[in-house]
Structure formats: C-alpha cells, structure tokens
Amino acid sequence: MVRWKNYCIAALLAGLAAMPAHAERIKDLASIQGVRSNQLIGYGLVVGLDGSGDQTTQTPFTVQSIISMMGQLGVSLPPGTNLQLKNVAAVTVTASLPAFAQPGQQIDVTVSSLGNAKSLRGGTLLMSPLKGADGQVYAIAQGNVVIGGAGAAAGGASSQVNQLSAGRIANGATVERAVPTALGQGGYLFLDLNDTDFTTANRVVQAINQNFGEGVAHAVDGRSVQVAAPLDSGQRVAFLSRVENLHVNPGETAAKVVLNARTGSIVMNQTVTVDNCAVAHGNLSVIVSSEPVVSQPGPLSRGTTVALQRSQIEIKADKGQLVSLPSSVSLGDVVKALNAVGATTQDLLSILQAMKAAGALRAELEVI
C-alpha cells in the first residue's frame, strides 16, 4: 500500500515534459478491460401521428399491441372490434447502456419504425421497457420523438428530405437497473489496445513502468497489458486516472488501402508505398439501344401492320496509354503517381487491385 502512495511524482512530471508532440494518451490507444457499454432493445408504440402511422390492415401486430395496452389500462374492447388506426406506429427502441450507469440516470434512445408508417414526425413514444441480452429490464423509455427530416405529398407528387421513419429521444430512457462492472481481478487490471500492435504494447508497458516503478506492467500479448493496481477502490480510480493520461508514441500502423466498391471511395494511410511499375488502363463500353419501327404490308397483300423493335449494339474501346509509375515512398508521391494515370475513381479500384496482384503496391488491400 505504501508503494502506491510514495510513487515518484517527479518522474511523472518529467515524462510529461519530455513528451513528443505526436505522442498520444493511453486512454486514446486502449480501453480498460471490463469497462464497456451494453446494448438494450425494446418494443413500443408511437402515438399522436398526423395520419402517417401504420396501415393496420397490413400490420396486425400494431392492432394487437393497442388492444393489449388498452386492456392493461382498464379499457376492454368488444371481441371482433375492427380498429382502423392511422395515428399509431409500432417501433423498436434501442439504446446503449454506458458503463457504471446507475438507476435514475437518463440515456438517449433511437426509435425506428417496424411497420409501414410514412413518418414518425410529431409522435410520442409510450412507456417501453428496454431489455438486455439476458432478458432483464434495464431501462424504461418514453418521450417525444425528434425526426431529422421532413416530407410532403400532394396530387401524386412527393418530396422528402432525410429519413422520416427513425428518430431519437434525448434522455428518453431512465435507467432502472445497474450492470455490475469489475475493475480487474484482485490486484490486477488489464488494458486492451484498440489495435493489435506489439510495438505499441511494449511502449505502453515502458511508459507505465517508468512512471510507477519497474514490474508494475507487463504485456500479455500484442493487444493486452496487465497492470498491478491498488486494492482500495479510491486509490485504484486515482491510479487509473494517472495511467490513462500518460503519453505514448504508438507504433506505425500497417500500410493499408481501403476500397469501397459501392461508393467508389478509396482511402489509404501514410505508410502506403509503390514500387516501379507500368500501368495501362482502357475503358470498354457496350451500348445497346433500341427504337420502335413500323412494318407496313405491301399493297393488296392482305397483310397487317406490325410494330417492331430495331436494336443496335455498339462497342467502344478507349485506347489505354502505358504509364510508368516511379517508386514512391510517401503518400503524396503515391497520389501523384496514381493521378498520372488519368483514371477515374472507379478505374482506380481495378488498377489498385491489379497493382497489388503484381506486387507493386506495398500495402494491405481491403475491399468493403
């Protein structure tokens, strides 16, 4: 216990003073094992809609929910009652329960339409229990739904901005049950790095040991660091506060290029390099067009006029010029070399994959 009270503050201040400009805090590089959020989900009804709710003939579960809710409130409906509701929508309610959340605290919730409601704008979510993966109720949600879009329709024409079938309720749920969170096991806790990297793990260990004494921390693997911590809860919180604010120079990230085939986006980090190679890329386009034509029968042939389709197929192949890409050791040089090809973003998707197959692209290629 004395060991933790008498650690060298001067060493901590000296370490912070000598901190490089590009160093990052441990809290930005790692998280404490066991300190995590938990996902919650629930089912509810949004009422007060201006005729934009579920069409009950196609969403029977909305009617069933209304009948069940009214029965719990003491209102009994005659058997066989046909409800035609336009101002009610069945929704799912989701939220994230943060670590250490206590009963009485409030959290944000997201409300999403389950049926065919046109809009949740102006609606109010009725009391909805939110459950965790274990089936226990951890929060109760209720409140006015805020939609970040707008829409209008008249005379067969419509206009819409953003999404109308999902919205949020700020502080819309009240926590009813806390989730026990253990800070480590016994006299130890673990730091989990955001990315697996042995260099970063080693530097985190060195930073902690330099400030709190040799042997306080050691790396379990490339992602987890075990740290000896005080047993007293108050001292442990103070100890973690100092640990997470230590600065560490993380190891260089692996070279990676991320291609989004759906949007054509290309993102690469600063460690990507290119070897000497030659690239030629030509565009091949096939155009198929058709136009209606009328076939007239000859005079006195007793034929009938027939409407036909005349199709035309045209193939164009743009000439691909062979471009030499020099060896590039910086991200700026890589960008200049790829721009020299003169290809579009969609073309670069194919070019980068071909360069990787040829061994000219020194980076991991990830297609999402």
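Where a number appears in this text, it was derived from the coordinates with a stated rule and is not lab data. On a predicted model such as this, the values are computed, not experimentally measured, just so you know. Glycine gets a Cβ as well: all are built from the backbone with ideal geometry, and neighbour counts include every protein chain shown.
Treating the beta-carbon of each Lys and Arg as +1 and of each Asp and Glu as -1, no other charges, what is the dipole magnitude of region 140-261 about its Cα centre, to the nearest 20 debye?
320 debye
Sum up the charges of everything whose Cβ sits under 14 Å from the Cβ of residue 117, counting Lys and Arg as +1 and Asp and Glu as -1, but leave residue 117 out. Before the final figure, lay out each step's value.
Numbers: positive: 86, 118, 121; negative: 50, 54.
Residues close to residue 117 contribute a combined charge of +1.
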- Task: Would you please state which residues of region 24-44 a label at residue 176 would reach in this model, taking the label point 7 Å out along Cα→Cβ and a backbone N cut-off of under 15 Å?
- Result: 40-44
- Message: List the aspartates and glutamates whose Cα sits under 15 Å from the Cα of residue 86, skipping any in the same chain fewer than 8 residues away.
- Response: 50, 54
- Message: Show me the trypsin sites (Lys or Arg not before Pro) within region 161-208 that DSSP assigns to loop and that have at most 16 other Cβ atoms within 10 Å of their Cβ.
- Response: 177
- Query: If packing is taken as the mean number of other Cβ atoms within 10 Å per residue, what is the order of 330-340, 45-55, highest first?
  - Reply: 45-55, 330-340
- Item | Label point distance in nm, residue 258-residue 198, each placed 7 Å from Cα along Cα→Cβ | 2.6 nm
